[in-house]
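The values are calculated or read from the model by the stated rules, or taken from the named source; none is laboratory data. Computed from a prediction, not measured in an experiment: that's the story for all the values here. A quick note on method: Cβ atoms are made from the backbone with ideal geometry, for glycine too, and the neighbour counts reach across all protein chains shown.
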Amino acid sequence: QRDAAESRGRLGGVALEESLPRLHDVSVLSWDRGESVLIPADAMKSVLSAARRRAGVVVVDLPRRVDETVAEVLAQLDLGLVVVPAELRAVAAAHRVSSRARLVLRDLRALVRTPGGPGGPRGYGPGLDEEEVARLLGLSLAGELPWEPGLLDDVDRGVPPGARETGALARFCREFWAQALNGGVSDGGVAA
């Protein structure tokens, strides 16, 4: 995080790749748990450009706010996903985020997470169906992600999300990437 914030000029793709840890054949660049650091838009552009030149598909997890740095990322994306629970309050919050993101990103889609969780339904009612959520957001539907029992426990034990091959997340990811790579995200593309 701090190294990215302080980078200037062009960053070499090989140097970036060699400096990152790898997990399951995926290079990972992540925020540390320390004090938050603001990354200038130019530094973010340099890091993303290096990743795109070297890595194939680049996945970026963005915050809810859209500032200058996030806008720089959005401008480089081929495809974006807004992950939203199928609950009315969550849809209202996602609408604010997606309306700002769509000012910069052409292909933004809804990934709808069904109501549920470790304790069962959240008590906000039965939830909305995935087509209705996408319609309310004015986005096309990327898919539905059902609750995966044991996911939070796995993460607490250091098991990466999606490691269960038969789990809902792994199943969605396989299907989504097969579709995206065949018709939407170019090699060297970026998705968030």
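Looking at 91, 97, 82, 73, which is the one that is of a type in the set (Val, Ile, Thr), in contact (Cβ under 8 Å) with a residue 24 or more places away in the chain and either in a strand (DSSP E or B) or closer than 23 Å to residue 178 by Cβ (or both)?
Working: 91 fails: either in a strand (DSSP E or B) or closer than 23 Å to residue 178 by Cβ (or both); 97 fails: either in a strand (DSSP E or B) or closer than 23 Å to residue 178 by Cβ (or both); 73 fails: either in a strand (DSSP E or B) or closer than 23 Å to residue 178 by Cβ (or both).
Matching residue, one of 91, 97, 82, 73: 82.
Taking the condition modelled with pLDDT of 75 or more and basic (Lys, Arg), does residue 122 pass?
Working: modelled with pLDDT of 75 or more: no; basic (Lys, Arg): yes.
No.
A quick yes/no check of all residues on (1) modelled with pLDDT under 85; (2) loosely packed, with under 15 Cβ neighbours inside 10 Å:
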position	(1), (2)
57	yes, no
60	yes, no
78	no, no
99	no, yes
107	no, no
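Contact annotation: residue pairs with Cβ atoms under 8 Å, 6 or more positions apart or on different chains, pairing a residue in the stretch 36-48 that is over 17 Å from residue 61 (Cβ atoms) and of a type in the set (A, V, I, L, M, F, W, C) with a partner that is surrounded by fewer than 18 Cβ atoms within 10 Å (Cβ to Cβ) and modelled with pLDDT of 80 or more, are 41/68; 41/71.
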